Every structure is written in structure tokens, then in C-alpha cells.
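Quick notes on the structure that follows.
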Amino acid sequence: MTRKNRTFTALGGLAMGLTALALAGCAPASGAAAEGGKDDLAEVRLGYFANVTHAPALVGLSEGLFQDALGDVDLKTEVFNAGPAAIEALSAGAIDATYIGPNPSINTFIQSGGTSAHIIAGATSGGAALVVRDGIDSPADLKGANIATPQLGNTQDVALRSWLADEGFETSVSGGGDVNVTPTENAQTLTLFQDGQLDGAWLPEPWVSRLVVEAGAHVLVDEADLWKDGAFPTTVLLVRAEFAEQHPDVVEELLEGHIAAVEWLDENSDKAPAVINDALDEATGKTLDDAVLARALENVTFTVDPVASTFETLVDNGLAAGTQKDGSIDGLFDLRALNALLEEAGTEPVSAAGLGEE
């Protein structure tokens, strides 16, 4: 299970012996909030997608790593199809944290003036591509094509629109243009592609591999080829700012479970496919073909590093695509709790690239 010398981020025994650390600088601003610590919190609500790119969430749930870290605080989960829907739930207070793509994270931060949520860790790098039908062998062949993305404004939607613009194509968020971009639910994308109603799609794993293995698509653009060293964020862990302020100890424990899940994936690559498939079955009632899952896992790297250095470019891409407002992302990251845990384990800290606390 290697691709371009694929490596997981090794975290050197973080699953063992993690100690409680204070989330420095995130103390509640009021006395009432200070009293609202873990002891009177019944549950934490976590969102995620049933995708291979959300494997840390799948493993953390199936192996009980989150619940072990949270102790008496119950973990409740909700499954989403794409980032904008998860952001709606986060903004409404229906969930407290979510695994999500970078672009929806950027959008909510900018639209709220930096008050809605913060990225507290990375989860997955890589694992997204443009797959197309036979007869499309170069960008020029896309003129007049109908290409799907998971949802308007989600990470893959922005990536496609940005890449098409670089190739000289015009698109519109309302449809039409030189290439028609059609936001479509992932399972429906597969069916429509098989029926010949779509020419291609820019998708995350495992949907890239499903279209390749099950529907005869081929990869026209591997998004990793568009980034320095092939590193770009596909999934991050985002927490609602108010929740983090009121319950820093629970956020820290959620991070402990997340770190343990990434470490588990690092140490158990032989067991990972079966565990991920069981978790997908639990979430959706369906499993992946072994060949699909193996191919998908070859194209992702699980890491707590959010690759913050890419986010200014992601902002530029979203602006060019017309899917987000202009604004600052200074303060988007709060990696202090993550880096405190990494330091405790003797592991190198990760960078916020000047875009927040670390």
C-alpha cells in the first residue's frame, strides 16, 4: 500500500500514556463559561463523511479511540455527504466539531469574521482526482463536457473550477460555461457516470477509485500533481469556536482520540481495510470492493499536519472559482492543544504557517 513513497505520519506511541494538558490561551472568557467544563458536559457531537479520506474518524469510532479519550462524555456522530452541509450543522450548533475539507473551513471562518470555528488538526492529505470517460485524454477534450463535484463550494468543487480556469475554461456557479460543473451527490455521480450522463467528476476517495474500478473511468488529473511535494489537505478537524472556548478539556480529549486514530492507521496498515470497511458498513449499510479500497488507500496519507502552508492558495482558488467571499484567514488555525500533545509525546510540532496559534 504505497504510492510515491507514501507514508503515514508516525506519532511515536501517542496512543499510550497521553496526559491531560491545558489548552493554553483558550480559557473561557466569562465566569459562567469557566463553570461549563467537562464535568457538566453530557456529550460531544462530531460530524464526518463516509469516505476513505475520513478514515481517522472511521477508525477512531470503530476502535473506540474517541470514547476512550473522552471518558464519561458521550460521543454522538452525524454523517454528511459534503462540507457545506456539515458547516450548516456546525454553524447552527447541531454539532460541535467535524472532519471536513479545507475550503468549507475557510468559507465559514471568513463569512463569520473569524468567529465561527478553528482548525485544530489535520487528518488526511491527498486522495482527490479528476476522472473522466473514454475519449477524454487531454484538457482540450473537456470543451462542452459535463463534470460533477460533490457540492457547490466544497473542496473538490473549488479545485476543479480553479484548474479549469488555469486551463482557459470559463465556468459558472449557476451552471453552463465552457465546461458545465454539476454539483452532485457522490453515489448519484457514480450512477450517472455509468449511465453516460456525466463525462467525469472531481472527487475524493473512495469515489475516485469506484469510478475507475467499477465504471471504467481513468484519471485525467491527480490533484497531488498540482501541489508541491504532492501534499495538499483533503480533510481537517474543525471545532466550533464557542465549544472550544467553553470546553477546552473536551477538545483536548477529542484530539487525543484523533491522534490515536492516525497512529493506529500508521501501525495497522494490514488491518485498516477491514476496519474501514466495517465502519463504512456501519455508517451507510454498504462496504467497498476490496480492489476499490486498496486503490483508494494507496492515494492518501493520514497526518495530523493540516498543511497550513497551502491555505492562502486555497483562498485564492476559491475566490477565482466564485465560491467564497474575500477576507482574511489570519487566526483560522489553533494548533496549541495539538502541539502540546505532540510535545508531550516527543514528536515535532506542526505549523500554522502564520495563520493562527501553534
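The values are calculated or read from the model by the stated rules, or taken from the named source; none is laboratory data. Everything numeric in this text was worked out from a predicted model, so none of it was measured. In this analysis, Cβ positions are derived from the backbone assuming ideal geometry, glycine residues included, and neighbour counts consider all displayed protein chains. Accessible surface is based on the protein model in full, side chains and every heavy atom, while ligands, DNA and RNA are left aside. Shrake-Rupley method; radii C 1.70, N 1.55, O 1.52, S 1.80 Å.
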For region 37-59, indicate whether the set of residues that are modelled with pLDDT of 95 or more, open to solvent by 10 Å² or more (accessible area, probe 1.4 Å), assigned to a helix (DSSP H, G or I) and within 20 Å of Trp264 (Cβ to Cβ) is non-empty. no
Which one of Ala159, Ala187 is closer than 21 Å to Ser125 by Cβ, under 19 Å from the mean Cα position of the chain (by Cα) and among the aliphatic types (A, V, I, L, M)? Ala159
Quick one: in region 315-330, which of the residues that are of a type outside the set (Val, Ile, Thr) and assigned to a loop (DSSP other than H, G, I, E, B) is surrounded by the most Cβ atoms within 10 Å (Cβ to Cβ)? Gln324
Would region 233-245 turn up any residue that is polar (S, T, N, Q), within 16 Å of the chain's Cα centre (by Cα) and surrounded by 24 or more Cβ atoms within 10 Å (Cβ to Cβ)? yes
So, in region 65-84, how many residues would count as being open to solvent by 10 Å² or more (accessible area, probe 1.4 Å), touching a Gly at 6+ places or on another chain (Cβ under 9 Å) and of a type outside the set (Phe, Trp, Tyr)? 9
Within region 265-291, tally of residues that are closer than 15 Å to Arg210 by Cα and part of a loop (DSSP other than H, G, I, E, B): 4
Criterion first (closer than 21 Å to Ala57 by Cα and either touching a Pro at 6+ places or on another chain (Cβ under 8 Å) or surrounded by 15 or more Cβ atoms within 10 Å (Cβ to Cβ) (or both)) does Glu343 satisfy it? no
Which one of the conditions (1) in a helix (DSSP H, G or I); (2) in contact with a strand residue (DSSP E or B) (Cβ under 8 Å, 6 or more places away or on another chain); (3) closer than 23 Å to Glu282 by Cβ does Tyr99 fail to meet, given that it meets all the rest? (1)
Contacts under 8 angstrom Cβ, first residue in region 77-97 being on the phi > 0 side of the Ramachandran plot, partner in a strand (DSSP E or B) and modelled with pLDDT of 95 or more, 6 or more apart: Gly93/Arg240
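Where residues in region 253-275 are charged (D, E, K, R) and farther than 16 Å from Val350 by Cβ, which of them is least open to solvent (accessible area, probe 1.4 Å)?
Glu253
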Cβ contacts < 6 Å: first residue more than 14 Å from Thr53 (Cα to Cα), restricted to region 197-215; second residue open to solvent by 30 Å² or more (accessible area, probe 1.4 Å) and part of a helix (DSSP H, G or I), any location; separation 6+ or different chain. Result? Leu198/Leu192; Val213/Ala291; Ala215/Gln194
